[in-house]
1. Kindly indicate whether THR209 is closer than 28 Å to SER14 by Cβ and either open to solvent by 40 Å² or more (accessible area, probe 1.4 Å) or in contact with a His (Cβ under 7 Å, 6 or more places away or on another chain) (or both).
2. Where the second residue is open to solvent by 20 Å² or more (accessible area, probe 1.4 Å) and in a strand (DSSP E or B) and the first is within 21 Å of VAL114 (Cα to Cα) and among the charged types (D, E, K, R) and lies in the range 142-164, which pairs have Cβ atoms under 6 Å and are six or more apart or on separate chains?
3. ALA124: part of a loop (DSSP other than H, G, I, E, B), open to solvent by 20 Å² or more (accessible area, probe 1.4 Å) and modelled with pLDDT under 95, yes or no?
4. Of the residues GLY118, GLY151, which single one is modelled with pLDDT of 95 or more, surrounded by fewer than 19 Cβ atoms within 10 Å (Cβ to Cβ) and either in contact with a Ser or Thr (Cβ under 9 Å, 6 or more places away or on another chain) or part of a loop (DSSP other than H, G, I, E, B) (or both)?
5. Are any residues in the range 183-206 closer than 24 Å to ILE138 by Cβ and either in a strand (DSSP E or B) or of a type in the set (A, V, I, L, M, F, W, C) (or both), and if so, which ones?
6. Within the range 66-98, can you find the residues that are open to solvent by less than 40 Å² (accessible area, probe 1.4 Å) and more than 27 Å from THR129 (Cα to Cα)?
7. Does at least one position in the range 222-230 carry a residue that is touching an Asp or Glu at 6+ places or on another chain (Cβ under 9 Å) and aromatic (Phe, Trp, Tyr)?
8. Would you please name the residue that is nearest to MET167 (Cα to Cα), looking only at residues in the range 49-95 that are modelled with pLDDT under 95 and among the basic types (Lys, Arg)?
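The values are calculated or read from the model by the stated rules, or taken from the named source; none is laboratory data. None of these values were measured; they are calculated from a predicted model. Cβ placement follows ideal geometry from the backbone for every residue including glycine, while neighbour counts extend to all protein chains displayed. When the accessible area is computed, the model is the full protein with side chains, heavy atoms only, and any ligands, DNA or RNA have been set aside. Shrake-Rupley method; radii C 1.70, N 1.55, O 1.52, S 1.80 Å.
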Amino acid sequence: MDKLAYTSVNAMKSLMNRQTAIANNMANSNTVGFKADMVSAKSQYLNGPGHDSRAMAVERQMQADMNSGSVTQTGRSMDIALEGDGMIAVQAADGKEAYSRRGDLRIAASGAMVTGDGFPVMGAGGPITMPPAERVDIGADGTVFFVPQGGDPTQPQELDRIKLVSMTGSAISKGPDALFRAADDGVLPVDDNARVISGALEESNVNMTAALVDMIETSRAWETQAKLLRTAQELDESSASVMNMPRG
């Protein structure tokens, strides 16, 4: 494969990854606390006679747009929106600690407090488990209060405090499960200054108009690279024909 064809194939691979990220963003435009995926790439110039001006896209790590989404008031006592760059510590499917901005919390049948996508919420000593309760409220600092069944609604009891962390100054990455993780399986420390807004949710930060424009631009770029690949194939065939011509 010559360098023109190699460059086109590499670019098409990068465009496929970008299109996948855009499609995932659009599918999650209504997902609470979702952070849009971004595929970053850099240019790498080719070496060799006649190729110094050519560059190909080199794939880099999948990143996330960490800008905040709009906050919507819901009035539901277990809905929380995180202020600033705070995140909720949760237990991922592999049992390790991960982080989320999803604040549509609920109590599962097992009594575990979980996020809207089912990940257990971490407290001071591990996953938070709720006894039978008539009402659950969450304070601005993440403290969980509950009224036991048959209890006095004016005397809520303190159960635990949601582990809230800050990602400032820490290397984190987003996984395919939409959870964030610290580098090298690290654990982020509790941020005592983190605050939440009770009875509210942070919406997805996906801009659908921008996503549609990106999808169209990516599709056009794919078509351009496909044409270049066909051109490279035609050039190869022409060169092969010339080489096979009988010599007089």
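1. On the way: closer than 28 Å to SER14 by Cβ: yes; either open to solvent by 40 Å² or more (accessible area, probe 1.4 Å) or in contact with a His (Cβ under 7 Å, 6 or more places away or on another chain) (or both): yes.
For THR209, the condition - closer than 28 Å to SER14 by Cβ and either open to solvent by 40 Å² or more (accessible area, probe 1.4 Å) or in contact with a His (Cβ under 7 Å, 6 or more places away or on another chain) (or both) - is met.
2. GLU158/PHE145; LYS163/MET122; LYS163/VAL190
3. yes
4. GLY118
5. Result: VAL187, LEU188, VAL190, ALA194, VAL196, ILE197, SER198, ALA200, LEU201, GLU202.
6. Result: GLY69, single match.
7. no
8. Once the filter is applied, the top-ranked residue is ARG60.
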